[in-house]
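> Got a structure for you, questions after.
The values are calculated or read from the model by the stated rules, or taken from the named source; none is laboratory data. Not measured: the values here are computed from a predicted model. Neighbour counts run over all protein chains shown; Cβ positions are idealised from the backbone, glycine included. Areas reflect the complete protein model, heavy atoms only, side chains present, ligands, DNA and RNA absent. Shrake-Rupley method; radii C 1.70, N 1.55, O 1.52, S 1.80 Å.
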Amino acid sequence: GDMTSLVFERDSFDGVVCFYALFHLPRAEQRDMLAKIYAWLRPGGMFVVNLATVDEEEIFGEMFGHGMFWSSYGVEESKAMLVDVGLELVEVEVVEAGDGQLEEGDADYGAKFLWIAAKKARVCLPTP
(Lines give C-alpha, C1' and ligand atoms only; values in the text may rest on other atoms or scores of the structure.)
Protein backbone atom coordinates (compact mmCIF):
# COMPACT_ATOMS: atom_id res chain seq x y z
CA GLY A 1 0.00 0.00 0.00
CA ASP A 2 0.87 3.65 -0.01
CA MET A 3 2.43 4.58 3.32
CA THR A 4 1.70 8.26 2.73
CA SER A 5 -2.04 7.56 2.81
CA LEU A 6 -1.93 6.02 6.30
CA VAL A 7 -3.95 7.86 8.91
CA PHE A 8 -3.70 7.24 12.65
CA GLU A 9 -4.67 9.36 15.60
CA ARG A 10 -2.02 11.50 17.24
CA ASP A 11 -0.13 9.75 20.08
CA SER A 12 -1.35 6.29 18.97
CA PHE A 13 1.83 4.22 19.21
CA ASP A 14 4.60 3.47 21.69
CA GLY A 15 6.83 2.53 18.78
CA VAL A 16 7.06 2.55 15.00
CA VAL A 17 9.44 0.43 12.90
CA CYS A 18 10.20 1.26 9.27
CA PHE A 19 12.75 -0.97 7.52
CA TYR A 20 13.71 -0.70 3.84
CA ALA A 21 10.65 1.43 3.01
CA LEU A 22 11.08 5.18 3.54
CA PHE A 23 13.75 5.53 0.86
CA HIS A 24 11.27 4.31 -1.76
CA LEU A 25 9.47 7.65 -1.41
CA PRO A 26 10.84 10.62 -3.34
CA ARG A 27 13.06 12.39 -0.87
CA ALA A 28 10.87 15.51 -1.14
CA GLU A 29 8.11 13.43 0.55
CA GLN A 30 10.25 11.77 3.23
CA ARG A 31 10.20 14.65 5.74
CA ASP A 32 6.39 14.81 5.62
CA MET A 33 6.20 11.06 6.25
CA LEU A 34 8.56 11.42 9.20
CA ALA A 35 6.42 14.24 10.59
CA LYS A 36 3.36 11.97 10.39
CA ILE A 37 5.23 9.19 12.21
CA TYR A 38 6.35 11.68 14.87
CA ALA A 39 2.73 12.73 15.41
CA TRP A 40 1.63 9.08 15.75
CA LEU A 41 4.18 8.42 18.51
CA ARG A 42 3.24 8.89 22.13
CA PRO A 43 5.67 10.97 24.22
CA GLY A 44 8.65 8.70 24.93
CA GLY A 45 7.77 6.52 21.93
CA MET A 46 10.55 4.95 19.88
CA PHE A 47 11.08 5.04 16.13
CA VAL A 48 13.52 2.66 14.45
CA VAL A 49 14.28 3.19 10.78
CA ASN A 50 16.88 2.44 8.19
CA LEU A 51 17.72 4.80 5.37
CA ALA A 52 20.14 4.80 2.47
CA THR A 53 23.46 6.61 2.83
CA VAL A 54 23.83 8.10 -0.64
CA ASP A 55 22.73 11.59 -1.62
CA GLU A 56 20.70 10.80 -4.73
CA GLU A 57 17.31 12.20 -5.68
CA GLU A 58 16.44 9.39 -8.09
CA ILE A 59 17.88 5.91 -8.28
CA PHE A 60 16.28 3.39 -10.60
CA GLY A 61 17.07 -0.28 -10.52
CA GLU A 62 15.62 -3.73 -10.42
CA MET A 63 14.72 -6.11 -7.65
CA PHE A 64 13.42 -9.63 -8.23
CA GLY A 65 12.78 -8.76 -11.87
CA HIS A 66 10.70 -5.65 -11.12
CA GLY A 67 11.56 -1.98 -11.57
CA MET A 68 12.41 -0.23 -8.31
CA PHE A 69 12.81 3.40 -7.26
CA TRP A 70 14.98 4.75 -4.44
CA SER A 71 15.65 8.28 -3.23
CA SER A 72 17.77 9.42 -0.33
CA TYR A 73 19.82 12.07 1.36
CA GLY A 74 23.31 11.62 2.71
CA VAL A 75 23.88 10.49 6.30
CA GLU A 76 24.09 13.94 7.90
CA GLU A 77 21.07 15.27 6.00
CA SER A 78 19.01 12.22 6.99
CA LYS A 79 19.92 12.60 10.65
CA ALA A 80 19.08 16.31 10.52
CA MET A 81 15.70 15.53 8.93
CA LEU A 82 14.71 13.31 11.89
CA VAL A 83 15.86 15.94 14.38
CA ASP A 84 13.99 18.65 12.44
CA VAL A 85 10.67 16.80 12.87
CA GLY A 86 11.31 16.62 16.63
CA LEU A 87 12.93 13.23 17.18
CA GLU A 88 15.89 12.71 19.49
CA LEU A 89 18.54 10.42 18.02
CA VAL A 90 19.34 7.63 20.46
CA GLU A 91 21.52 5.34 18.36
CA VAL A 92 22.96 5.88 14.87
CA GLU A 93 25.03 3.42 12.90
CA VAL A 94 26.04 2.90 9.27
CA VAL A 95 26.18 -0.79 8.42
CA GLU A 96 27.21 -2.42 5.18
CA ALA A 97 24.64 -4.90 3.83
CA GLY A 98 25.39 -8.45 4.89
CA ASP A 99 27.86 -7.06 7.42
CA GLY A 100 30.27 -6.64 4.49
CA GLN A 101 30.30 -10.38 3.81
CA LEU A 102 28.29 -10.40 0.55
CA GLU A 103 29.74 -11.73 -2.69
CA GLU A 104 30.54 -9.22 -5.42
CA GLY A 105 27.65 -10.46 -7.62
CA ASP A 106 25.03 -9.90 -4.88
CA ALA A 107 22.60 -7.04 -5.63
CA ASP A 108 23.34 -5.44 -2.23
CA TYR A 109 27.12 -5.87 -2.45
CA GLY A 110 28.76 -2.74 -1.04
CA ALA A 111 25.45 -1.11 -0.13
CA LYS A 112 25.45 0.73 3.19
CA PHE A 113 22.42 1.59 5.28
CA LEU A 114 21.92 4.16 8.00
CA TRP A 115 20.19 2.59 11.02
CA ILE A 116 18.63 4.97 13.53
CA ALA A 117 16.82 4.52 16.81
CA ALA A 118 15.12 7.75 17.84
CA LYS A 119 12.50 8.80 20.36
CA LYS A 120 9.87 11.41 20.85
CA ALA A 121 10.49 13.60 23.88
CA ARG A 122 8.46 12.66 26.93
CA VAL A 123 7.38 16.26 27.42
CA CYS A 124 6.15 17.77 24.20
CA LEU A 125 6.02 21.49 23.75
CA PRO A 126 2.88 22.85 22.13
CA THR A 127 3.25 23.60 18.45
CA PRO A 128 2.69 27.22 17.49
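> If you roll a 1.4 Å probe over the heavy atoms of the protein chains, what accessible area per residue do you get for the chain, in Å²? Display every interim value, and only then the final one.
On the way: 8010 Å² over 128 residues.
Here the residues of the chain average 63 Å² of exposed surface.
> Considering only the chain, what is the antiparallel percent among its DSSP beta bridges, to the nearest 5?
Among the beta bridges of the chain, antiparallel pairing accounts for roughly 80 percent.
> On to the next question. With each run of n ≥ 4 DSSP H residues scored as -39500 (n - 2.57), what mean residue ellipticity at 222 nm is computed for the chain after dividing by its residue count and rounding to the nearest 500 deg cm²/dmol?
It comes out at -6000 deg cm²/dmol, rounded to the nearest 500.
> Round to the nearest 10 and give me the degree value, 0 to 90, for the angle of helix 75-84's Cα axis relative to the longest principal axis of the chain.
Between the helix axis and the principal axis of the chain, the angle is about 20 degrees.
> For helix 27-40, what angle does its Cα long axis make with the longest principal axis of the chain, in degrees from 0 to 90 and rounded to 10?
Once rounded, the angle reads 40 degrees.
> Evaluate the relative contact order of the stretch 49-128 (contact order divided by residue number), counting alpha-carbon pairs under 8 angstrom at least 6 apart; express in whole percent.
Across the stretch 49-128, relative contact order equals 31 percent.
> With every protein chain present, what accessible area does residue 90 have (1.4 Å probe, heavy atoms only), rounded to the nearest 10 Å²?
Residue 90 exposes around 80 Å² with every protein chain in place.
> What's the carbon and sulfur percent of the chain's accessible surface, probe 1.4 angstrom, rounded to a whole number?
On the way: 4250 of 8010 Å².
Heavy-atom surface of the chain belonging to carbon and sulfur, 1.4 Å probe: 53 percent.
> Let me ask something additional. Report, in debye and to the nearest 20, how large the dipole of the stretch 45-128 comes out about its Cα centre when Lys and Arg carry +1 and Asp and Glu carry -1 on their Cβ.
Here the size comes out at about 740 debye.
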